[in-house]
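The values are calculated or read from the model by the stated rules, or taken from the named source; none is laboratory data. None of these values were measured; they are calculated from a predicted model. Counting neighbours? That spans all protein chains shown, and the Cβs are built from the backbone with ideal geometry, glycine included. Calculation scope for accessible area: heavy atoms of the full protein, side chains included, ligands and nucleic acids excluded. Shrake-Rupley method; radii C 1.70, N 1.55, O 1.52, S 1.80 Å.
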Amino acid sequence: MITKKLYETDGALREFTAQVISCVPARKAAPKDAAFEIILSQTAFFPEGGGQYADSGNLGNASVIDVQEIDGEIIHYTDVPLPEGAEVMGLLNWEERLRKMQNHSGEHLISGIVHKQFGYDNVGFHLGKDEVTVDFSGILTDAELRFVEYIANRVVALNVPIMVSYPTPEEACAMDYRSKLDNIENLRIVTIGEWDCCACCAPHVDATGQIGCIKIIDSENWKNGVRVRMLCGLDALNDYQKRLENTARISELLSAKQHETAVAVERLVRNLQNEHTIQMQLKNALLESKIAQLQPTEGNLVLFDSLLDPDTLRKLVNAGTSVCKGVCAVFSGNDTDGYRYIIGSANGNLRAAAKEYNVALNGRGGGSDQMIQGTMMATAEQIKAYFA
């Protein structure tokens, strides 16, 4: 038996009644938490397909975890069984369905405008729970995408009816529609006025006004074309709210008006770059001062410093190895949290010595025969005493 697809003729249907045709334990390949597979006489639950995930909701006291169309049958995966032959009430998670219809209808409108204005095809579509992506067969500039977005929102404001039709094979052959199909038996066409005509099996809103705002988030070059990320309706509203909250927080931190945060951030970046330049100059001056104070020694040279960064410390180690016969060991940190170390030697063999150092001073690290680095959890006095 083939389940009657109520969602094809009425996307706004929120609840329905149906007879349970069969209920069997879920096979091994079933989705997580799905215990039973149920087939109904009719359903408003849209199965996964056409680039979007399945509807969810309830069948009586059973939760619908997933819906798949397998070998022509629509399988409802549930957590508990339902008696075969019983009549059950189906209730969709309506907000989830509405958001999907808003995004899918919005995608049709965007794709239709791109096709008419630029001749590019929609070659990929994914409607996920967090984002909607559309892949086009050609490159679109930012300015062109802004133009497409503007036209799409104008069509939303016109509240153009979204029509579903089932042309005969003869009629289909004469039609100009997107997503051409080889099998034109039972073809379902979704038409948005003069803006789009496309083969599609998914439910849609009744008119463009129900889509709400259409917002292109960003885009990137993708397989000789472009991938566009977009959101519509309630999802677009949620995204805007998150962005507004972030902008308000940044505005507060920078003591700038919300529409001036970019300028304030640019000013902050310039200041940080200037500060970084000054810091590097000071570190180099400090390094030169420390190198000038180094005294030749027949033994080891042990230094402690908490101001210089690792790159500068390595320069200090290189300078120290040239004036000592043993090793030059530089440590940065404190007795409580431990020390980072860089140890150099002109005589080599440090790779083997690292194991001895780490055992004696509770350390970890290694490197080459000329330089090793790592951490130690010993005190400064213990380190000095060991290398004395």
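Tell me the relative contact order for the stretch 79-175 as a rounded percent, counting alpha carbon contacts under 8 Å between residues six or more apart.
About 19 percent, as a whole number.
Residues of the stretch 237-388: accessible area per residue at 1.4 Å, in Å²?
Computed with neighbouring chains in place, this is 64 Å² per residue.
What is the percent of Cα-Cα separations in the stretch 125-249 that go past 24 Å?
On the way: 2963 of 7750 pairs.
That fraction is 38 percent.
State, as an integer percentage, the relative contact order of the chain based on alpha-carbon contacts under 8 Å between residues 6 or more apart.
10
Hey, rough spin-label estimate for Leu158 and Tyr386, points 7 angstrom out along Cα→Cβ, what's it come to in nanometres?
In this crude label model, Leu158 to Tyr386 measures out at 7.8 nm.
Dipole of the chain (Lys/Arg Cβ +1, Asp/Glu Cβ -1, origin at the Cα centre): which of Ala292, Ile184, Gln382 lies farthest to the positive side?
It is Ala292.
May I ask you to list the lysines whose Cα is less than 18 Å away from that of Lys5, ignoring any residue fewer than eight positions away on the same chain?
Lys100
Which one is right for this structure if Kirkwood radius over Cα pairs in Å is calculated from it: (i) 27.1; (ii) 22.7; (iii) 21.2?
Of the labelled values, this structure produces (i).
Just Ser63, Ser255, Ser41 to compare: in a GNM of the chain, with alpha carbon springs under 10 Å, which one fluctuates most?
Between Ser63, Ser255, Ser41, it is Ser255 that shows the largest mean-square fluctuation.
If the reach is capped at under 19 angstrom between alpha carbons, list the lysines near Lys355, excluding any in the same chain fewer than eight residues apart.
The reachable lysines, counting only those whose Cα sits under 19 Å from Lys355, are Lys384.
Find the relative contact order for the stretch 276-362 and round it to a whole percent, using C-alpha pairs within less than 8 Å whose residues are 6+ positions apart.
25
Out of the trypsin sites (Lys or Arg not before Pro) in the stretch 309-354, which ones are loop residues according to DSSP with at most 16 other C-beta atoms within 10 Å?
Lys325
Picking from Ser63, Pro203, Gly124, whose Cα lies most toward the positive end of the charge dipole for the chain (charges on Cβ: Lys, Arg +1; Asp, Glu -1)?
It is Gly124.
Let's see if you can work this out: charge +1 on each Lys and Arg Cβ, -1 on each Asp and Glu Cβ, no other charges. What is the dipole magnitude of the chain about its Cα centre, in debye to the nearest 20?
1760
What is the helix-to-structure angle for 310-321, meaning the angle in degrees between its Cα long axis and the longest Cα principal axis of the chain, kept from 0 to 90 and rounded to the nearest 10?
Around 30 degrees separate the two axes.
Obtain the nm distance between the two label points defined at Ala262 and Ser22 by a simple spin-label model: each point lies 7 Å from its Cα along the Cα-to-C-beta direction.
5.8
Over the chain, what percent of the accessible surface lies on carbon and sulfur atoms, probe 1.4 Å?
51
What distance in nm separates the two pseudo spin-label positions at Phe147 and Gln241, each 7 Å out from Cα along the beta-carbon direction?
It is 3.5 nm.
Would you mind checking the tilt of helix 350-360 against the longest principal axis of the Cα atoms of the chain, expressed as 0 to 90 degrees and rounded to 10?
Result, in degrees: 90.
Give the angle, between 0 and 90 degrees and rounded to the nearest 10, that separates the Cα long axis of helix 94-118 from the longest principal axis of the Cα atoms of the chain.
With rounding to tens, the tilt is 90 degrees.
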